[in-house]
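The values are calculated or read from the model by the stated rules, or taken from the named source; none is laboratory data. The shown structure was predicted, so the numbers you read here are calculated from the model rather than taken from an experiment. Neighbour counts are summed over all protein chains in view; Cβ atoms, including those assigned to glycine, are modelled from backbone coordinates with ideal geometry.
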Amino acid sequence: MDDAIAEWNDEALCERVARKDEAAFDVLVERYRQRAYRLAWSFLRNADDARDLSQEAFLRLYQTAGSFRGRARFSTWFYRIVVNLCLDHRRKHRWWRTMLMWSGEGNDPRGALLERQPAPRVDPVDRLGREQIMTVLWKAVEDLSPQQRAALVLQVQEELSTSEIAAVLGCSEATVRVHLHRALASLRKSVRDD
C-alpha cells in the first residue's frame, strides 16, 4: 500500500473510491473494519450477521461512493449505511430476538482486540456480578425501539455528537435527544426492576 495514500483524510479517499481506486478503498476498509463490525454487532448481537452486514456495508460503500457529497463527514455517511443495513436486517429477521445473549463463541465485539491483550485477573464472583449486569443491560437495550437503540449505540459506542447522530439517522437533533432521553429512561427502569 502506498504510504502517502494512508495519510489522506477519509473524504479524499472516498473521492478516490468513487473512481474505483482499490488502494483508497483498502485504506478505508482498514480504518473502518472494526468500527463497522462493532456497530453492526451492537444492533444484531450475532457475530456472523454482524460480519456479513459490515462486509455488505463496504460493498455498498464501493458501489455508491460517488453519491457522497461531503455535506457530512465521511464517518457519518458510512455509519448511516451500516445502521440502515442493520435496521433492514432486523425488520426482515425478527426471530433474532429469541436468540440467547452471549451464546456461542465469537459473539463478543471486542474479540479481535482481546486476542492480542493478556486477560486481566478477575475475581470469579466479581466477574459473575458484572456478567449478570451486562446480561440485564443488553436485554434492556434489545427491548428499545430501533431508533432509540441506534441513537444510544452511536452516542455511547461510536461517541458521535447529537448532530452527527441526527445525520446518520436522518432526523432532527431534537428527535435524537428525545430518542436518547427515552432510551436512558427505559434502561434505568429495566435495571431497577431487575
Q. Do we find that S172 is exposed (fewer than 14 other Cβ atoms within 10 Å of the Cβ), hydroxyl-bearing (S, T, Y) and within 16 Å of the chain's Cα centre (by Cα) in this structure?
A. no
Q: Please list, ordered by first then second residue, the pairs with beta carbon atoms under 9 Å, 6 or more apart or interchain, first in region 29-58 and in the same structural domain as R91 (by TED's automatic domain parsing) and of a type in the set (V, I, T), second modelled with pLDDT of 90 or more and crowded, with 16+ Cβ neighbours inside 10 Å.
A: V29/A36; V29/F58; V29/L61
**Q.** Qualifying residue in region 87-96 (condition: aliphatic (A, V, I, L, M) and either at pLDDT 95 or above or under 14 Å from the mean Cα position of the chain (by Cα) (or both))
**A.** yes
Q: List the number of the failed condition for N84; all other conditions in (1) modelled with pLDDT of 50 or more; (2) of a type outside the set (A, V, I, L, M); (3) part of a loop (DSSP other than H, G, I, E, B) hold.
A: (3)
**Q.** Residue list for region 174-194, restricted to those being over 19 Å from E159 (Cβ atoms) and among the β-branched types (V, I, T)
**A.** T175, V178, V191
Q: Would you mind stating whether S103 is among the polar types (S, T, N, Q), modelled with pLDDT of 90 or more and outside the structural domain of A40 (by TED's automatic domain parsing)?
A: no
Q | Filtered residue count, region 47-84, keeping only those that are surrounded by 21 or more Cβ atoms within 10 Å (Cβ to Cβ), under 21 Å from S145 (Cα atoms) and of a type outside the set (V, I, T) | A | 3
Q) Only one residue in V168, V153, V176, V125 is more than 17 Å from V83 (Cα to Cα) and either at pLDDT 85 or above or in a helix (DSSP H, G or I) (or both), so which one is that? A) V125
